[in-house]
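Working notes, beginning with the structure itself.
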Amino acid sequence: MTLFGLTWDYLTTASSWTGDGALLDRLVEQLLLTVTALGLALVVALPLALWLGHLGRGGFVAVNVSNMGRAIPTFALLAVLVTADWPGPAYFGPYGRAGLATLIALGLFALPPLVTNAYTAVREVPADVLEAADGMGMSGAQRFWRVELPLALPLVLSGVRLALVQVWATATIAALVAGPGVGAIIVSGFARNHYSEGIGAALVVAVVALLLEIAAASAQRIVRAPVGRRP
Amino acid sequence: MTLVAATTEPSCYSAFVNEWWCAQYVEDRHADIIAATTEHLRITVAAVLLGLVLAFPLALLARRFPRLESTVLGVSTGLYTIPSLALFPLLVPFTGLSATTVVIGLAVYALTILVRGLLDGLRSVPEEVVESAVGLGYGSTRLLLKVQLPLALPVLVASLRVATVSTVALTTVGTLVSYGGLGDLISHAVQRNFRAELVTAAVLCVVIALVLDVALVVLQRLLTPWTRSTGRATR
């Protein structure tokens with residue numbers, strides 16, 4: 001039987017989906033990791049980046065954070081976290097083996113797109129608009145909430161979308177350090193020469209990635225609509 | 001009578017000490033390290049070059065037929081969202097457990113960044129420059145090669161830097177099919193809890209990324225001497 005046939009068999013067998021550590025279990029685990037990490041990163045990054053953008057300071061931080069995030073391999077950071085005494089490979093509640101290490105890595109890799117986009121978004125609000133706001137006698141806070149934030153929102157959201165893609169990818173890679181997520185099935189499939197399992201799980205990861213991207217793009221379109229007057 | 005005692009200290013990379021940084025490890029295993037670094041560089045360079053070669057016709061096609069632009073960008077962005085650990089297995093039925101699988105997978109990611117860079121770069125060429133070239137009798141090929149591409153270079157190189165740096169990092173994931181360059185060392189280090197090997201491989205990854213990044217900046221400065229006089233740093 002061909003590899004495609006075996007993969008199809010694997011994906012259409014109920015026991016591949018249900019049961020301990022099967023596809024559904026792992027999928028829920030990975031979605032939980034993604035949502036938690038993205039939420040934490042949003043809470044940390046957005047207030048800071050938006051505030052710096054409002055003040056117009058710390059631009060070099062935004063750019064350098066982004067460049068460093070690209071140069072450090074996700075896999076290497078995960079490996080360091082798992083090999084260290086803390087957080088190490090311990091189980092962490094519903095997040096599975098090496099759950100804490102994975103959450104930290106996911107959160108860190110979500111920061112660059114969030115920080116860079118939010119900062120740039122506020123900085124790119126046209127100067128004449130800001131002058132008009134000042135001329136109308138708006139206070140700094142008013143200017144931020146009524147002018148800068150609404151105008152910056154589309155670009156902030158595209159940062160969130162990038163972060164989501166990044167977090168989902170990193171959550172998959174966590175399996176390379178025996179971590180949680182659907183990636184664990186990919187890695188174990190390849191390690192045991194059960195390629196059809198690895199390829200089947202990879203297909204699931206890819207499809208969910210595309211669905212997340214489509215959902216994020218639609219959410220972005222909905223939010224953008226009222227502010228759509230910008231060129 | 002003296003007891004037979006261990007005459008030498010355990011080396012800093014023995015399992016009892018397991019230090020994060022160990023020069024002795026680098027010295028003892030330099031052959032492995034060099035082999036992994038070479039493989040890493042080969043895969044990275046091959047993937048970025050393949051991405052660049054594929055990006056050109058796609059970008060030119062998107063420019064010639066504007067309706068295709070959203071399709072080209074949409075498909076490449078879709079592929080970009082697929083995690084590398086999932087993309088490599090999907091290529092395995094076609095290319096097997098080989099370096100080719102890793103190179104093609106990474107080229108797909110580089111392609112997405114480079115097509116955008118090319119399109120943005122060509123768009124940044126001032127309209128009046130194109131018009132005067134046409135007025136001077138430049139045909140479309142000569143216009144592209146002699147005027148548009150050189151002027152698009154700064155934006156193109158910026159995207160090439162992003163693509164290269166992220167490809168260096170992503171190559172490590174190729175360890176899934178046993179062709180991950182330094183990623184193979186990281187993988188081995190995690191399995192054996194071998195800290196010195198892990199840190200050495202990770203540091204080398206970052207160093208390769210930085211060196212290639214600087215090399216591209218230098219290349220751009222050599223290729224576009226006219227941008228220097230503006231005194232503005234090119235990002």
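The values are calculated or read from the model by the stated rules, or taken from the named source; none is laboratory data. Note that the coordinates shown come from a computational prediction; the quantities given were computed from them, not determined experimentally. Here the Cβ positions follow ideal geometry from the backbone for every residue, glycine too, while neighbour counts run over all protein chains shown. Calculation scope for accessible area: heavy atoms of the full protein, side chains included, ligands and nucleic acids excluded. Shrake-Rupley method; radii C 1.70, N 1.55, O 1.52, S 1.80 Å.
Do the conditions hold for A:A175, that is, is it within 13 Å of chain B (Cβ to nearest Cβ), closer than 23 Å to B:L73 by Cα and surrounded by 19 or more Cβ atoms within 10 Å (Cβ to Cβ)? Outline the logic, then answer.
Working: within 13 Å of chain B (Cβ to nearest Cβ): yes; closer than 23 Å to B:L73 by Cα: no; surrounded by 19 or more Cβ atoms within 10 Å (Cβ to Cβ): yes.
No: the conditions fail for A:A175.
Assess whether B:L136 counts as being within 30 Å of A:F4 (Cα to Cα) and surrounded by fewer than 19 Cβ atoms within 10 Å (Cβ to Cβ).
no
Within the stretch B:197-207, count every residue that is facing another protein chain (nearest Cβ under 9 Å) and touching a Leu at 6+ places or on another chain (Cβ under 7 Å).
2
Taking the condition open to solvent by 10 Å² or more (accessible area, probe 1.4 Å) and either within 11 Å of the chain's Cα centre (by Cα) or within 14 Å of chain A (Cβ to nearest Cβ) (or both), does B:Y179 pass?
In short, yes.
Can you tell me which residue within the stretch B:159-176, out of those that are more than 8 Å from chain A (Cβ to nearest Cβ) and free of Cβ contacts under 8 Å to residues at least 60 places away in the same chain, is farthest from B:T37 (Cα to Cα)?
B:S159
Take the stretch B:61-87 and flag every residue that is more than 19 Å from the chain's Cα centre (by Cα), open to solvent by 70 Å² or more (accessible area, probe 1.4 Å) and under 29 Å from B:A209 (Cβ atoms).
Once the filter is applied, which keeps residues that are more than 19 Å from the chain's Cα centre (by Cα), open to solvent by 70 Å² or more (accessible area, probe 1.4 Å) and under 29 Å from B:A209 (Cβ atoms), the stretch B:61-87 yields only B:V75.
Restricting to the stretch B:208-222, and then to whatever is loosely packed, with under 14 Cβ neighbours inside 10 Å and closer than 13 Å to B:L41 by Cβ, can you tell me which residue is nearest to the other protein chains (Cβ to nearest Cβ)?
B:V211
Search the stretch B:111-129 for residues being β-branched (V, I, T) and within 24 Å of the chain's Cα centre (by Cα), and hand back the single one that is farthest from B:P154 (Cα to Cα). Can you show your working first?
Quick first cut of the stretch B:111-129, residues β-branched (V, I, T) only: B:112-113, B:115, B:125, B:129.
If we keep only those that are within 24 Å of the chain's Cα centre (by Cα) too, we end up with B:112-113, B:115.
Numbers: B:T112: 18, B:I113: 14, B:V115: 14 Å.
Step by step, filter the stretch B:111-129, then rank; the result is B:T112.
Residues checked against (1) away from every other protein chain (no Cβ under 14 Å); (2) charged (D, E, K, R); (3) not in a helix (DSSP H, G or I):
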position	(1), (2), (3)
A:L103	yes, no, no
A:P113	no, no, no
A:T120	no, no, no
A:E131	yes, yes, no
A:D134	yes, yes, no
A:R143	yes, yes, no
A:L149	yes, no, no
A:P154	yes, no, no
A:A171	no, no, no
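Out of A:G159, A:G181, I need the residue that is facing chain B (nearest Cβ under 10 Å) and surrounded by 14 or more Cβ atoms within 10 Å (Cβ to Cβ). Which one?
Checking each option against the conditions leaves just A:G181.
Which residues, taken from the stretch A:66-92, are hydrophobic (A, V, I, L, M, F, W, C), surrounded by fewer than 20 Cβ atoms within 10 Å (Cβ to Cβ) and more than 8 Å from chain B (Cβ to nearest Cβ)?
Passing the criteria: A:M68, A:A84, A:W86, A:A90, A:F92.
Is there a residue in the stretch B:113-128 that is within 14 Å of chain A (Cβ to nearest Cβ), within 21 Å of B:C205 (Cβ to Cβ), among the β-branched types (V, I, T) and in contact with a Leu (Cβ under 7 Å, 6 or more places away or on another chain)?
No, the stretch B:113-128 contains no residue that is within 14 Å of chain A (Cβ to nearest Cβ), within 21 Å of B:C205 (Cβ to Cβ), among the β-branched types (V, I, T) and in contact with a Leu (Cβ under 7 Å, 6 or more places away or on another chain).
Somewhere in the stretch B:151-158, is a residue aliphatic (A, V, I, L, M) and within 14 Å of chain A (Cβ to nearest Cβ)?
Yes, because at least one residue in the stretch B:151-158 is aliphatic (A, V, I, L, M) and within 14 Å of chain A (Cβ to nearest Cβ).
For the stretch A:1-92, which helices (runs of 4 or more DSSP H) that fit wholly inside it have 2 or more residues that are aliphatic (A, V, I, L, M) and under 30 Å from B:T44 (Cα atoms)? Outline the logic, then answer.
Numbers: elements: A:3-12, A:14-17, A:23-55, A:59-71, A:74-83.
Passing ranges, in order: A:23-55, A:59-71, A:74-83.
Answer yes if at least one residue in the stretch A:207-214 is surrounded by 14 or more Cβ atoms within 10 Å (Cβ to Cβ), modelled with pLDDT under 95, more than 30 Å from B:H188 (Cα to Cα) and over 15 Å from the mean Cα position of the chain (by Cα), and no otherwise.
No, there is no match, as no residue in the stretch A:207-214 is surrounded by 14 or more Cβ atoms within 10 Å (Cβ to Cβ), modelled with pLDDT under 95, more than 30 Å from B:H188 (Cα to Cα) and over 15 Å from the mean Cα position of the chain (by Cα).
Identify, from the list A:A45, A:A41, the residue that is over 13 Å from A:I185 (Cβ atoms), in contact with a Gly (Cβ under 8 Å, 6 or more places away or on another chain) and buried (at least 16 other Cβ atoms within 10 Å of the Cβ).
A:A41
Take the residues of the stretch A:184-219 that are in a helix (DSSP H, G or I) and of a type in the set (D, E, K, R): which is farthest from the other protein chains (Cβ to nearest Cβ)?
If we take residues in the stretch A:184-219 being in a helix (DSSP H, G or I) and of a type in the set (D, E, K, R), then A:E197 is farthest from the other protein chains (Cβ to nearest Cβ).
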